[in-house]
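The values are calculated or read from the model by the stated rules, or taken from the named source; none is laboratory data. Keep in mind that this is a model prediction, so the values were computed, not measured. Reconstructed Cβ throughout: ideal geometry from the backbone, glycine too, with neighbour counts over all protein chains shown. Areas reflect the complete protein model, heavy atoms only, side chains present, ligands, DNA and RNA absent. Shrake-Rupley method; radii C 1.70, N 1.55, O 1.52, S 1.80 Å.
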Amino acid sequence: MADDRKPAKPPGFETLAIHAGSAPDPSTGARNVPIYQSNSYVFDDVDHAASLFNLQTFGYIYTRIGNPTVSALEEKVAALENGRAGVATSTGHAAQMLAMYILMEPGANFISSTNLYGGSVTQFTHTFAKFGWNCKFVDPGEPENFRDAIDENTKAIFLELLANPGGVIVDLEPVADIAREAGIPLIVDNTTASPYLAQPFDWGADIIIHSMTKFLGGHGNAMGGIVVESGRFDWAQNDKFPSLTQPDPAYHGLTFYETFGDFGFSTKGRAVALRDLGPTLAPMNAYLILTGIETLPLRMERHVQNAQAVAEYLEAHPAVAWVSYAGLKSSPYRELAKKYLPKGPGSLFTFGLKGGYEAGTSLVESVELISHLANLGDTKTLIIHPASTTHRQLTEEQRIAAGAGPDVVRISVGLETIDDIIADLDQALDHAMAKAAE
Amino acid sequence: MEALYYPDWQIRRILRDTNTIAMVGASTNWNRPSYFAMKYLQEKGFRVIPVNPRAEGEILLGETVYASLKDIPEPIEMVDIFQRSDRVPPVVDEALEIGAKIIWMQLTVRHDEAAQKAEAAGLTVIMDRCPKIEFGRLSGELGWSGINTRVITSRRSKQIRTH
């Protein structure tokens, strides 16, 4: 018998992955979320249009700021992260820009972990500097480094929980405490873990970012990003976030946090940042990612299982110098993995060959089944040499700090038959060893 | 304080069956939250009568503003309170006097003693919620803005009111 005095048990992750945000279409009864390939939406009358433009009523105006296929995806990811609301963007990079646009002012700064995707290091260092937003990088291995870097102009802490290119896990909880004490939000990029493996809001994160291009979509067929807010951060606790707590001249003097409360950050992201910066997710891409997410739990289980097998195979191989996968007994991150990623530390990791740079590049050129390309989180197993590609724009020092030194090879273990993945690595390693012996 | 919980069916029934709402603390300023809520509820077919002593006699969204609940010359089913929590008790007393059936306190507004008094008199009390947000959540409209409604359904219609 259901008890009305307390909340019912919330649906499980698998149920949410399939159903959250994806109720039948009210006008047609379509059971799957349709692709609403429409730029605009008719108004009932002038007053209705005015209400929509004033944000006084809920509804669609123009696909740049909202679309029914995209919003189904936004609600689904917000539900999977147990957050309050989400704003989707064209890519993960756009999601980072959108989040920072809400928080930052010219002359302000944020603190970031050094262990990031190389493209994010470049975005934070060079492109954001053109907006007057400064990023201070710290080694996340010692959480106090974040505290030491905070000053009166610091607006946020940013980190990747399971850091790209692989193997490194940041101890989230103490960093969340530092952010809370400083009155600034902790932003966690949860792309490489996915919400199935890690739930950063449970550990004190305030904002989660995804490149949905990766495991969420999961099939290497659509770009997308998203910013999810927990709804628990008090933006009015200090004067650091005027764009949320002061009347907005870009919106007729509306005060977003006061008016929209626990989804004020997302409303600002949609009504101002998406409107004025324009990095909208295409409905077709939202549809592909929605379809991908329905099988996220099944895929992640197999990704982790295959990654563990590949990591163990590589660690035992005579040509391999080291393997950095938090599922291995040799990993210094094994305990953090058990805490933050109890279902497994993902399927993206790095390893180095005894033959160094030459052997690494030879390996990635010798694979036949595994794909040599710049992406991760596909059904297909992917391999890359970060120093010459994803982390190429970084200095040598930055590359080493990011875990992308000259000998590093990154692998994103896919869903092919495990014996076939290992057989391909086996022949490619033989080839790399033979070439090194020449 | 004990966490507040109201089952969806209860909120849905209030929003379905209520027609006349007095909004205490309705602002005449278009970019204030109470104005947003009033306009939205009107669009959904509710009659919303604004109460605000500083705007007495003015016309707000087509309705005359009254100084107090007792000045409203017609029956009120629900009183929606847009006031600081410490100002709730006298509003609840007035709501009891005029025979309202439901007292609804807005997000962040909560007064447990006043609520107990109203409930003892047979009224239904909702605290720390917004009827606009709840309407949007249960009808699915909130999801149009990427907000997590926490509503999972395989049914086609989430319609709350027919008007």
As a percent rounded to 5, the proportion of antiparallel DSSP bridges among beta bridges in the range A:296-437 is 85 percent
On protein heavy atoms with a 1.4 Å probe, the accessible surface that disappears when B meets A, both sides summed and given to 100 Å², is 3200 Å²
So, relative contact order of the range A:225-347 in percent, Cα under 8 Å, 6 or more apart, is 15 percent
Filtered hits (aspartates and glutamates, Cα-Cα < 12 Å from A:K268, offset >= 8 within chain) -> A:E229, A:D248, A:E258, A:D276
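For a quick protection proxy, order the peptides A:378-385, A:156-163, A:24-31, B:15-22 by their average other-Cβ count within 10 Å, most packed first.
Values: A:378-385: 21.6, A:156-163: 25.8, A:24-31: 12.2, B:15-22: 17.9.
The most tightly packed comes first, giving A:156-163, A:378-385, B:15-22, A:24-31.
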Here the FRET efficiency for B:R161 versus A:T295, based on Cβ atoms and R0 = 45 Å and rounded to 0.05, is 0.75
Applied in sequence order to the range A:342-351, the curve 6.51 cos²θ - 1.76 cosθ + 1.60 (Karplus, θ = phi - 60°) yields integer Hz couplings, x standing for Gly and Pro, of x, 8, x, x, x, 10, 10, 7, 10, 8
Note on the range B:8-131: alpha-carbon gyration tensor, axes a ≥ b ≥ c; rule is a/c under 1.5 for rounded, else prolate if a/b larger than b/c, else oblate; result rounded
Expected integer from the mean partner chain Cβ neighbour count at 10 Å over A:76-84 is 3
Carbon/sulfur accessible area of chain B, % of total, 1.4 Å probe, equals 46 percent
Rounded to whole Å², per residue accessible area for chain A with a 1.4 Å probe reads 39 Å²
PRE zone check, label point 7 Å out along Cα-to-Cβ of A:A236, amide N under 19 Å, scope the range A:256-272, hits A:256-269
Residue-normalised 222 nm signal for chain A, counting each DSSP H run of n ≥ 4 as -39,500 (n - 2.57), nearest 500 deg cm²/dmol, is -10000 deg cm²/dmol
Per residue, the convex hull enclosing the alpha carbons of the protein assembly as shown has a volume in Å³ of 158 Å³
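The range A:276-395: D in µm²/s via Stokes-Einstein (Kirkwood Rh, Cα pairs, 10 °C, 1.306 mPa s)?
Numbers: Rh = 16.5 Å.
This corresponds to a translational diffusion coefficient of 96 µm²/s.
Please state the relative contact order of chain A as a whole percent: Cα pairs under 8 Å, 6+ residues apart?
Values: 895 pairs, mean separation 74.5, N = 438.
In percent, rounded to a whole number, it is 17.
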Test assert for the range A:9-35: residues whose accessible surface shrinks by at least 50 Å² between chain alone and all chains, 1.4 Å probe, equal A:P24
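Over 32 Å between Cα atoms: which of A:K130/A:K354; A:K155/A:K380; A:K339/B:K132; A:K240/B:K132; A:K9/A:K329; A:K6/A:K76 fall into that group? Before the final figure, lay out each step's value.
Working: A:K130/A:K354 41 Å; A:K155/A:K380 38 Å; A:K339/B:K132 39 Å; A:K240/B:K132 29 Å; A:K9/A:K329 36 Å; A:K6/A:K76 24 Å.
Correct reply: A:K130/A:K354; A:K155/A:K380; A:K339/B:K132; A:K9/A:K329.
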Plugging the Cβ-Cβ distance of A:E181 and A:E438 into 1/(1 + (r/R0)^6) at R0 = 51 Å yields, to the nearest 0.05, a FRET efficiency of 0.35
